[in-house]
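Undergrad: Questions regarding the structure given below will be posed in turn.
The values are calculated or read from the model by the stated rules, or taken from the named source; none is laboratory data. What you see is a predicted model, and the numbers here were worked out from it, not measured in a lab. Glycine also receives a Cβ, built like all others from the backbone with ideal geometry; neighbour counts cover every protein chain displayed. SASA here: full protein model, heavy atoms, side chains in, ligands and nucleic acids out. Shrake-Rupley method; radii C 1.70, N 1.55, O 1.52, S 1.80 Å.
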Amino acid sequence: GQQLNQSPQSMFIQEGEDVSMNCTSSSIFNTWLWYKQDPGEGPVLLIALYKAGELTSNGRLTAQFGITRKDSFLNISASIPSDVGIYFCAGHGYNKLIFGAGTRLAVHP
Amino acid sequence: DVKVTQSSRYLVKRTGEKVFLECVQDMDHENMFWYRQDPGLGLRLIYFSYDVKMKEKGDIPEGYSVSREKKERFSLILESASTNQTSMYLCASGGSAGREAFFGQGTRLTVV
């Protein structure tokens, strides 16, 4: 089935470093969504983006909706140990909700 | 506070049993989705529904069926559970215009 191209697949960083991950698609979406999933839990919505070019922040997280509507990125600044988890991007359109494969983030104290 | 609630966090069922996984949302969303999540395979769409009594197959519908009799409730049915259906099952709901979508807490199903 259709899946977004999310990279990197995994990251292992030092506490305090900044992190960047991105998603690309061959399709256009109305909305880009970024989620974080902790082990054994459902994904939790972090940021929602609704307009091409939109840049939105949520605390140390910043995400952007690409101008072409086919890509998005998520930045995490000054990472902390509780940032550990899997981050998913998703494109949401009319009756479609498509996910990337996820970026697994590990933060070394 | 938006809510998507799955009926069970953990389930253990025997091979051949009929299994019902329930999902309820309180956001008046048109769209509801069922995914399964397995290590290394990401989130795979089983079925989705865009309206009451409407359903569409996702990428891996074999061995599953769904029911949406009311807008707020979307049920996933394993007609005859098999061990290869052991997985984490995730329900999500979202508006039809493609705004936010929210997940339930997940159901870890083990078929023995």
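Undergrad: When A:Thr62 is evaluated against the numbered criteria (1) in contact with a Phe, Trp or Tyr (Cβ under 7 Å, 6 or more places away or on another chain); (2) at pLDDT 95 or above; (3) surrounded by 15 or more Cβ atoms within 10 Å (Cβ to Cβ), which criterion, by number, is the only one it fails?
TA: Single failed check for A:Thr62: (1).
Undergrad: On to the next question. Working only within region A:47-75, note down all residues that are among the small types (Gly, Ala, Ser) and not in a loop (DSSP other than H, G, I, E, B). Full working, then the answer.
TA: Of all residues in region A:47-75, those among the small types (Gly, Ala, Ser) come to A:48, A:52-53, A:57, A:59, A:63, A:66, A:72.
Across region A:47-75, the qualifying residues are A:Ala48, A:Ser57, A:Ala63, A:Ser72.
Undergrad: Name, by its number, the condition in (1) more than 12 Å from the chain's Cα centre (by Cα); (2) under 30 Å from B:Leu11 (Cβ atoms) that does not hold for A:Gln37.
TA: So the condition that A:Gln37 fails would be (1).
Undergrad: Before we move on, is A:Ala90 more than 11 Å from chain B (Cβ to nearest Cβ), assigned to a strand (DSSP E or B), aliphatic (A, V, I, L, M) and touching a strand residue (DSSP E or B) at 6+ places or on another chain (Cβ under 7 Å)? Before you say what the answer is, go through the steps one by one.
TA: Numbers: more than 11 Å from chain B (Cβ to nearest Cβ): no; assigned to a strand (DSSP E or B): yes; aliphatic (A, V, I, L, M): yes; touching a strand residue (DSSP E or B) at 6+ places or on another chain (Cβ under 7 Å): yes.
Judged against the criteria, A:Ala90 is not a match.
Undergrad: Also: Could you check region A:1-46 for strands (runs of 3 or more DSSP E) lying wholly inside it with 1 or more residues that are surrounded by 20 or more Cβ atoms within 10 Å (Cβ to Cβ)? I'd like the intermediate steps shown before the answer.
TA: Details: elements: A:5-7, A:10-14, A:19-24, A:31-37.
Those strands (runs of 3 or more DSSP E) span A:5-7, A:19-24, A:31-37.
Undergrad: A follow-up question, please. Regarding region A:49-56, can at least one residue be identified that is at the interface with another protein chain (Cβ under 10 Å from one of its Cβ atoms) and over 20 Å from A:Asn5 (Cβ atoms)? Break it down stepwise before answering.
TA: Kept after step one, since they are at the interface with another protein chain (Cβ under 10 Å from one of its Cβ atoms), are these residues of region A:49-56: A:50.
Narrowing further to those that are over 20 Å from A:Asn5 (Cβ atoms): A:50.
Yes, some residue in region A:49-56 is at the interface with another protein chain (Cβ under 10 Å from one of its Cβ atoms) and over 20 Å from A:Asn5 (Cβ atoms).
Undergrad: State which residue is farthest from B:Asp28 (Cα to Cα) when the search covers only region B:48-70 and only residues that are more than 13 Å from chain A (Cβ to nearest Cβ) and buried (at least 17 other Cβ atoms within 10 Å of the Cβ).
TA: B:Tyr64
One line per residue, one yes/no per condition, for (1) farther than 25 Å from A:Lys36 by Cβ; (2) of a type in the set (Ser, Thr, Tyr):
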position: B:Ser7; (1), (2): no, yes
position: B:Lys13; (1), (2): yes, no
position: B:Arg44; (1), (2): no, no
position: B:Thr83; (1), (2): yes, yes
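Undergrad: Just give me the residues in region B:35-47 being within 11 Å of chain A (Cβ to nearest Cβ), open to solvent by less than 70 Å² (accessible area, probe 1.4 Å) and over 12 Å from the mean Cα position of the chain (by Cα), in sequence order.
TA: Hit for region B:35-47 is B:Gly42, nothing else.
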